[in-house]
Amino acid sequence: MQAVLFDMDGTLVDSEKLWDISLAALYEQLGGRLTPQVRTSMVGGSAQDTIQTVYTDLGLKLDPVAMAESIRWLHDYTADLFDEGLPWCDGAPELLDALAAEGTPMALVTNTQRELTDRALNSIGRQYFSATVCADEVPRGKPAPDAYLRAAALLDLPPDLCLAIEDSVTGTAAAEGAGCPVLVVPNDVVVPIGPRRRHVNSLASIEVADLRRMHAELTQFGERTA
């Protein structure tokens, strides 16, 4: 393991709860109500996929101009929530500090757009990351592998030498598609097991040595679950 690639929402910070608030507000603004089932389907999705889900669910015309305006409205609303401070996921700040102390390169790989990611980094700390890649900086967001491939390239490493840490089905598929072994820390949704995935309940008590061991197991012996 020569680098760690972190997802953001639901992995480092528990911002999915803030997205719950802003998406519910968007539904109200559009004259509908967000159901738990639809919200679950959005976890880890790109802005475009999320808005398409919203408009389809509400039976609205898939008008690109209106959808772009809804994305802007949603991101402005969410940015205000982000600026109030982001709650850490258990163990995340300690793991970032431990990796930084060892000099292990890290990248942030997120389906959140750059403008909003930069607001989040004000809370998380951009100093941890040698590279950050957002959905609007690659041809396709997660679950496509583009963002993870770009992150590995920016670190000048092959993807299989990078351990990805994800919480969602969408993000795990993206990392796996890029060739990264994946540590899955499910947050709001169940993520199936797979041959290049290791599952843990949280990052609490996870040390850098544990990450190196998991990476070695996944790259050498295939599927492991905890």
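None of the figures in this text is laboratory data; all of them are computed from the coordinates on show. Keep in mind it's a predicted model, so treat the numbers as computed, not measured. Note: ideal-geometry Cβ built from the backbone for every residue, glycine included; neighbour counts use all protein chains shown.
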Original post:
In whole percent, what relative contact order does the stretch 136-226 give with Cα contacts below 8 Å and a gap of six or more residues?
Top reply: 23
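How high is the relative contact order of the chain, in percent, counting Cα pairs under 8 Å that sit 6 or more residues apart? Intermediate results must be reported in sequence, preceding the final value.
Details: 396 pairs, mean separation 54.1, N = 226.
Relative contact order of the chain: 24 percent.
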**OP:** Please get the size of the charge dipole for the chain, origin at its Cα centre, with Cβ charges of +1 on Lys and Arg and -1 on Asp and Glu, quoted in debye to the nearest 20.
**Re:** 520
Subject >> Dimensionless Rg over Rh [the stretch 45-166; C-alpha; Kirkwood] >> reply: 1.01
Subject >> Translational diffusion of the stretch 1-116, µm² s⁻¹ [Kirkwood Rh, Cα pairs; Stokes-Einstein; 20 °C; 1.002 mPa s] >> reply: 138
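Sort 96-107, 28-39 by the packing proxy (mean of other Cβ within 10 Å over each peptide's residues), most packed first.
Details: 96-107: 15.7, 28-39: 13.0.
By packing density, highest mean first, the sequence is 96-107, 28-39.
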**OP:** Choose one of Leu121, Ile193, Gly171: the residue whose Cα lies farthest towards the positive end of the charge dipole of the chain (beta-carbon charges +1 Lys, Arg; -1 Asp, Glu; about the Cα centre).
**Re:** Ile193
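I'd like the antiparallel share, as a percent to the nearest 5, of DSSP beta bridges with both residues in the chain. Walk me through the numbers before you get to the answer.
On the way: 1 of 18 bridges.
Just about 5 percent of them are antiparallel.
Most exposed first by the Cβ proxy, i.e. fewest other Cβ within 10 Å, how do Trp88, Trp19 rank? Write down the numbers at each step before the final one.
On the way: Trp88 16, Trp19 21.
Fewest to most other Cβ atoms nearby, the residues stand as Trp88, Trp19.
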Original post:
Regarding the stretch 163-226, what whole-number volume in Å³ per residue does the convex hull of its Cα atoms give?
Top reply: 68
**OP:** Compare the Cα positions of Thr40, Ser22, Val65 along the charge dipole of the stretch 16-83 (+1 at Cβ of Lys, Arg; -1 at Cβ of Asp, Glu; about the Cα centre) and return the one farthest towards the positive end.
**Re:** Thr40
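Just the C-alpha atoms of the stretch 108-226: what Rg/Rh do they give, with Rh taken as the Kirkwood radius? Numbers along the way, then the final one.
Working: Rg = 13.8 Å, Rh = 14.6 Å.
Taking Rh as the inverse mean 1/r over Cα pairs, Rg/Rh reads 0.95.
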Original post:
Taking every pair of alpha-carbon atoms in the chain, what share in percent sits in each 10 Å bin, from 0 to the bin with the longest distance?
Top reply: 8, 35, 36, 16, 4, 0
**OP:** Report Rg (one decimal) and Dmax (nearest whole number) for the stretch 16-83, counting Cα atoms only, units Å.
**Re:** 10.9, 32
